[in-house]
Amino acid sequence: MIKCITIDDEPLALGQIKAYISKVPFLEHVAEFSNAIDAQRFLANESVDLIFVDINMPDLTGTEFVRSLTTHRPMIIFTTAYSEFAVEGFKLDAVDYLLKPFSFADFNRSANKALSLYELIKGNSNPPSSEGESDPSDNEHISIRADHKVSLIKVKDIIYIESSGEYVRLHLADGSRIMTLFRIKNIETTLPSDMFMRVHRSYIVNLKCVTGYARGRVFLNNNEYVPLGENYKEPFQNYIKEKYPSL
């Protein structure tokens, strides 16, 4: 179950979100707040997985509240009646943004994006074994929700990841592809940084599968290539120079 809280200075909005949460089987509503300051006090002693928070609130706005969560930041879904706040919300790596008034279908779609991220993070966690040591196999897979099921994907089998709007498409070594509702920035944080690199705003590559690069392209061992973005060129080239100093 995903433990969540709701924060909104409008009682009707709180009631609606709470009613929507009750219809989603994997969500557990643990508390509601009419202001972000009370929510801060609650989170000082309690932990949750997901926060539904309005942006435009008096005293402490939703974005200010999220920025204050420096030690442990749960997943965030912003809710607001003002679309101009969307960009600011996504800069804080929010899972999603719900524009009021929103339907249950919109809410359920956002909740499922949170579930996908939650399962991916949990699937990549590395809990101690019974002897108190880490089990290396725990980092060998990621869990992806697609086609009405959760699939365990071997990390080494991912050649590259492609962003397609609010979805990402995983290109695998056997030639298959898996598409799931996810933001590329979120999936990037769950992958081992020594193995995967963002080379374009829409592409992440498995560095072990890179066979070369030229003219703004990164070539991969499945006879494909992806674009090398201008903003990502320098860190990629630095990696190549460090990894292959004789080149």
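Run lengths n ≥ 4 of DSSP H only: what is the helix-derived mean residue ellipticity at 222 nm for the chain, with -39500 (n - 2.57) per run over all residues, to the nearest 500?
Details: 7 runs with 71 residues, N = 247.
For the chain, the value works out to -8500 deg cm²/dmol.
For the chain, modelled as a GNM with alpha-carbon contacts under 10 angstrom, which of Ala36, Ala214, Ala13 fluctuates the most?
Ala214
For the charge dipole of the chain, defined by +1 on Lys and Arg C-beta atoms and -1 on Asp and Glu C-beta atoms about the Cα centroid, which residue among Met1, Tyr118, Pro25 has the Cα displaced farthest towards the positive pole?
Working it through, the farthest residue towards the positive pole turns out to be Tyr118.
Among His72, His200, His141, which comes first, second and so on when ranked by fewest other beta-carbon atoms within 10 Å? Working shown, then result.
Details: His72 8, His200 22, His141 16.
Ranking His72, His200, His141 by Cβ neighbours within 10 Å, fewest first, gives His72, His141, His200.
Across segment 140-243, how many lysine pairs, 8 or more apart or on two chains, come within less than 28 Å at their alpha-carbon atoms?
For segment 140-243, qualifying lysine pairs total 20.
Using a simple charge model, +1 on the beta-carbon of Lys and Arg, -1 on the beta-carbon of Asp and Glu, nothing else, what dipole does the chain show about its Cα centre, in debye to the nearest 20? Working shown, then result.
Details: 27 positive and 33 negative charges, 191 e Å.
Using only the charged Cβ atoms, the result is roughly 920 debye.
In degrees, nearest 10, range 0 to 90: what is the angle between the Cα axis of helix 11-22 and the longest Cα principal axis of the chain?
So the inclination is approximately 50 degrees.
Pick from Glu64, Glu32, Glu119: which is most flexible by mean-square fluctuation in a GNM of the chain where alpha carbon atoms under 10 Å apart are linked?
Glu64
Report the one residue of Phe236, Phe107, Leu181 whose Cα lies farthest in the direction of the positive end of the charge dipole of the chain (charges on C-beta: Lys and Arg +1, Asp and Glu -1; origin at the Cα centre).
Projecting each Cα onto the dipole axis, the largest value belongs to Phe236.
Using mean Cβ contacts within 10 Å as the protection proxy, how do 17-24, 202-209 order, highest first?
Values: 17-24: 16.4, 202-209: 20.0.
My ranking of the peptides, most packed first, is 202-209, 17-24.
Please give the length that would be gained between Ile121 and Leu99 if that part of the chain were fully extended, namely 0.36 nm times their separation in residues minus their C-alpha to C-alpha distance (nm, one decimal).
The Ile121-Leu99 span can extend by a further 5.3 nm.
Could you please report the charge total around Gly229, scoring K, R as +1 and D, E as -1 over all other residues with beta-carbon less than 15 angstrom from its beta-carbon?
On the way: positive: Lys185, Arg198, Arg201, Arg215, Arg217, Lys233; negative: Glu162, Glu188, Glu230, Glu234.
That sum, taken over residues with Cβ under 15 Å, equals +2.
Obtain the nm distance between the two label points defined at Lys154 and Glu10 by a simple spin-label model: each point lies 7 Å from its Cα along the Cα-to-C-beta direction.
According to this spin-label approximation, the distance is 5.1 nm.
Dipole of segment 140-243, Cα-centred, from +1 at each Lys and Arg C-beta and -1 at each Asp and Glu C-beta, to the nearest 20 debye?
Numbers: 16 positive and 12 negative charges, 21 e Å.
I would put it at about 100 debye.
No value in this document is a laboratory result; all are computed from the given coordinates. Quick caveat, the model's predicted, so the values are computed rather than measured. All Cβ positions, glycine included, derive from the backbone under ideal geometry; neighbour counts span all protein chains shown.
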